[in-house]
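Participant: The structure under discussion is supplied below as structure tokens; questions concerning it will follow.
The values are calculated or read from the model by the stated rules, or taken from the named source; none is laboratory data. Fair warning: this is a prediction, and the values are worked out from it, not measured in the lab. Don't worry about glycine lacking a Cβ; one is built from the backbone with ideal geometry, like all the others, and counts go over all protein chains shown.
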2 protein chains.
Amino acid sequence: MTDGMLVESGALALVAGSGDLPRLIAEDRRRQGLPLLVVRFEGVHAPWADGMDVLDLPFEKPGRLFKAMKARGCDRVCFAGGMTRPRLDPLRFDLKALGLAVKALALLKKGDDAMLRGFASIFESEGYRMVAAQDLLEGMLAPEGVFGAVQPSDQDREDAARAAAIVAAMGAVDVGQAAVVCDGICLGVEAIAGTDALLEEVARLPEGLRHGDAGGVLLKGPKPGQDWRMDLPAIGPETVRRAALAGLAGICVEAGAVLVLGREETVRAADEAGLFLWGRPSAAEAPLDPDAAAPAPPPTEAPSA
Amino acid sequence: MTDGMLVESGALALVAGSGDLPRLIAEDRRRQGLPLLVVRFEGVHAPWADGMDVLDLPFEKPGRLFKAMKARGCDRVCFAGGMTRPRLDPLRFDLKALGLAVKALALLKKGDDAMLRGFASIFESEGYRMVAAQDLLEGMLAPEGVFGAVQPSDQDREDAARAAAIVAAMGAVDVGQAAVVCDGICLGVEAIAGTDALLEEVARLPEGLRHGDAGGVLLKGPKPGQDWRMDLPAIGPETVRRAALAGLAGICVEAGAVLVLGREETVRAADEAGLFLWGRPSAAEAPLDPDAAAPAPPPTEAPSA
């Protein structure tokens, strides 16, 4: 397990976004008795953290955050879950925020990856190490091959290949980590609203636009060259449920490069809905090491043996 | 005007899709007394053609089409308006369709541009010349510069540049001709459902995802290297209306490379709604000739002087 980390490390600050990922990390650490500070920025819905050591604060008060991290003996920080770009009120800025303002305001206008990299660099310049979710929880990354009961058809595999090319093209301009392709036709591409919204759009498409028996494939994969410590794409039982509502044949993820949140539950949901789950070998634009569970970029937290 | 064409040409077959473009072409030709056959495939809504010389037929019967074109003395064909990929019933195929079936079925699985190029080549191999809508109607292409009363802000211009980069990236994988960017963030990208659907999605975005005072910009432009004889992107009064409903600041089109359907009405709608209309100089990935009204690829119909 992750016991190795106990030996070497101080407390972890977990900057919680939406979705299941931050809850899974927090629960795992509590189970192991590892020190944790949950950071809940204004507007983030994370009721699971009630009763934990949690810091609630507005984005305009980073000074409080760094002070609390220091008080708890944090040496590392993990961003987990979906974050919405905050609407900042400069009148509420604390001194720390004023110092960071020019950089932070510029970052908010960038694509997701550029923005997150920038915020990571702010933490790093304060002396904190960025830790990836997949280095805190074992077995989170999608395996290679079909990992449910249903097999993709040849058409599904072709559709997945086309969707992967589309996601790569979008990633190059820092937009989206998902696309839906059916029978060669791109039904939709993920933008700011995320995968759930994409699947809702596909579910709303008029009858005539989709045909053939293929149903269609949701593909998720990271942007080429994105920072793997933050914002790796993820799927879970809810993704399966929404893909089924959109009439898709299955979900394809880049093996070793996408988080599966609640593997057992996800597979069960897919099997019941008759959807395939397939970890497609990455086209290797990301530096994958086939012998390692966690892929490079170099691990941010090396488990001691 | 377009009188020059009278001298040299036989009848035109107009394969009508949805939207205003085919109607505008047909009305212009009727006004000029030029011979025209309107081709209305099953499922296309084009009631304006009632009372004209119109051929209604299913996609499975291309034999009828070529026979009618021959009987009317057609030598040219123009595809105009949005086409939905047909769901074919092979049991209804006529002899001509059987001869074309392998090619046609493969084309239906391709991106829009690849598909349309393929269908054009079928007409060409039958001896017909493909004519672009913008070569039939004068003054259809977007001018360079602001062509309404409202000026884009600096932020709008930045957003338009980012959207143009996104559309170019999507075009390289043959997806979409439009994107919406607000304050640096990509709010949505056009896929199979088209621009109206994209603007509806943007209108539906939750409050928190968009901020700043920018509003956002819809950019439309052709795919890099696409066949300009078919499926050039278009805007019209309805685009303006939907962009206003989505809260956008304005619409940017690639100058000389996007059709404006009903210029006067479009400008009036934009002025009234307080939206800008801006023909942005193309990044010149398409071969634009600044001295010519119609851009290269080489004109399919050279007006005689």
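Participant: Among the residues of the stretch B:122-140, how many are assigned to a helix (DSSP H, G or I) and loosely packed, with under 14 Cβ neighbours inside 10 Å? I'd like the intermediate steps shown before the answer.
Facilitator: Step one: filter the stretch B:122-140 for residues assigned to a helix (DSSP H, G or I), giving B:122-125, B:133-136.
Within this subset, residues satisfying the condition of being loosely packed, with under 14 Cβ neighbours inside 10 Å are B:124-125.
Going through the stretch B:122-140 one residue at a time, the tally reaches 2.
Participant: Also: Of all residues in the stretch A:71-83, count the ones that are surrounded by fewer than 20 Cβ atoms within 10 Å (Cβ to Cβ) and within 18 Å of A:Phe119 (Cα to Cα).
Facilitator: Residues in the stretch A:71-83 being surrounded by fewer than 20 Cβ atoms within 10 Å (Cβ to Cβ) and within 18 Å of A:Phe119 (Cα to Cα): 2 in total.
Participant: Which residues, taken from the stretch B:90-111, are crowded, with 18+ Cβ neighbours inside 10 Å, of a type outside the set (A, V, I, L, M, F, W, C) and either in contact (Cβ under 8 Å) with a residue 40 or more places away in the chain or closer than 18 Å to B:Lys67 by Cβ (or both)?
Facilitator: Those that are crowded, with 18+ Cβ neighbours inside 10 Å, of a type outside the set (A, V, I, L, M, F, W, C) and either in contact (Cβ under 8 Å) with a residue 40 or more places away in the chain or closer than 18 Å to B:Lys67 by Cβ (or both): B:Lys96, B:Gly111.
Participant: Is it the case, given these coordinates, that A:Lys96 is part of a helix (DSSP H, G or I) and either under 18 Å from A:Leu21 (Cα atoms) or not aromatic (Phe, Trp, Tyr) (or both)? Before you say what the answer is, go through the steps one by one.
Facilitator: Values: part of a helix (DSSP H, G or I): yes; either under 18 Å from A:Leu21 (Cα atoms) or not aromatic (Phe, Trp, Tyr) (or both): yes.
The answer is yes for A:Lys96.
Participant: Please work out which one of (1) in contact (Cβ under 8 Å) with a residue 24 or more places away in the chain; (2) more than 30 Å from A:Ala160 (Cα to Cα) is the condition B:Ala114 fails and give its number.
Facilitator: Against the list (1) in contact (Cβ under 8 Å) with a residue 24 or more places away in the chain; (2) more than 30 Å from A:Ala160 (Cα to Cα), B:Ala114 comes up short only on (2).
Participant: Here's a follow-up. Among the residues of the stretch B:73-89, is any in contact (Cβ under 8 Å) with a residue 60 or more places away in the chain and either over 22 Å from B:Asp231 (Cα atoms) or not assigned by TED's automatic domain parsing to the domain that holds B:Ala120 (or both)?
Facilitator: yes
Participant: Could you list, in sequence order, the residues of the stretch A:205-238 that are touching a strand residue (DSSP E or B) at 6+ places or on another chain (Cβ under 8 Å) and among the aromatic types (Phe, Trp, Tyr)? Show your work before the answer.
Facilitator: Step one: of the stretch A:205-238, the residues touching a strand residue (DSSP E or B) at 6+ places or on another chain (Cβ under 8 Å) are A:205, A:209-210, A:212, A:214-222, A:229-236.
Once the filter is applied, which keeps residues that are touching a strand residue (DSSP E or B) at 6+ places or on another chain (Cβ under 8 Å) and among the aromatic types (Phe, Trp, Tyr), the stretch A:205-238 yields nothing.
Participant: Also: Before we move on, is B:Ala120 touching a residue at least 24 places away in the same chain (Cβ under 8 Å) and not assigned by TED's automatic domain parsing to the domain that holds B:Lys220?
Facilitator: On the way: touching a residue at least 24 places away in the same chain (Cβ under 8 Å): yes; not assigned by TED's automatic domain parsing to the domain that holds B:Lys220: yes.
So B:Ala120 fits the description; yes.
Participant: List the number of the failed condition for A:Met130; all other conditions in (1) under 30 Å from B:Ile185 (Cβ atoms); (2) touching a Leu at 6+ places or on another chain (Cβ under 7 Å); (3) at pLDDT 90 or above hold.
Facilitator: Among (1) under 30 Å from B:Ile185 (Cβ atoms); (2) touching a Leu at 6+ places or on another chain (Cβ under 7 Å); (3) at pLDDT 90 or above, the lone unmet condition for A:Met130 is (2).
Participant: Does B:Gly256 satisfy the condition of being free of Cβ contacts under 8 Å to residues at least 12 places away in the same chain and either of a type outside the set (A, V, I, L, M, F, W, C) or more than 22 Å from B:Pro281 (Cα to Cα) (or both)?
Facilitator: The answer is no for B:Gly256.
Participant: Residue by residue through the stretch A:139-176, note down the ones that are without any contact (Cβ under 8 Å) to a residue 60 or more places away in the chain and in contact with an Asp or Glu (Cβ under 6 Å, 6 or more places away or on another chain).
Facilitator: Once the filter is applied, which keeps residues that are without any contact (Cβ under 8 Å) to a residue 60 or more places away in the chain and in contact with an Asp or Glu (Cβ under 6 Å, 6 or more places away or on another chain), the stretch A:139-176 yields only A:Gly176.
Participant: If you don't mind, another one. Across the stretch B:15-45, what is the number of residues that are of a type in the set (A, V, I, L, M) and in a helix (DSSP H, G or I)?
Facilitator: First pass over the stretch B:15-45, keeping only residues of a type in the set (A, V, I, L, M): B:15-16, B:21, B:24-26, B:34, B:36-39, B:44.
If we keep only those that are in a helix (DSSP H, G or I) as well, we get B:21, B:24-26.
Residues flagged as of a type in the set (A, V, I, L, M) and in a helix (DSSP H, G or I) within the stretch B:15-45 amount to 4.
Participant: Is the stretch B:53-64 home to any residue that is over 23 Å from A:Asp183 (Cβ atoms), part of a loop (DSSP other than H, G, I, E, B) and modelled with pLDDT of 90 or more?
Facilitator: Yes, the stretch B:53-64 contains a residue that is over 23 Å from A:Asp183 (Cβ atoms), part of a loop (DSSP other than H, G, I, E, B) and modelled with pLDDT of 90 or more.
Participant: How many residues are on the phi > 0 side of the Ramachandran plot and not in a loop (DSSP other than H, G, I, E, B) when one looks only at the stretch A:251-265? Talk me through it step by step, then tell me what you get.
Facilitator: At the first step, the residues of the stretch A:251-265 found to be on the phi > 0 side of the Ramachandran plot are A:256, A:262.
Keeping just the survivors that are not in a loop (DSSP other than H, G, I, E, B) gives none.
Number satisfying all stated conditions: 0.
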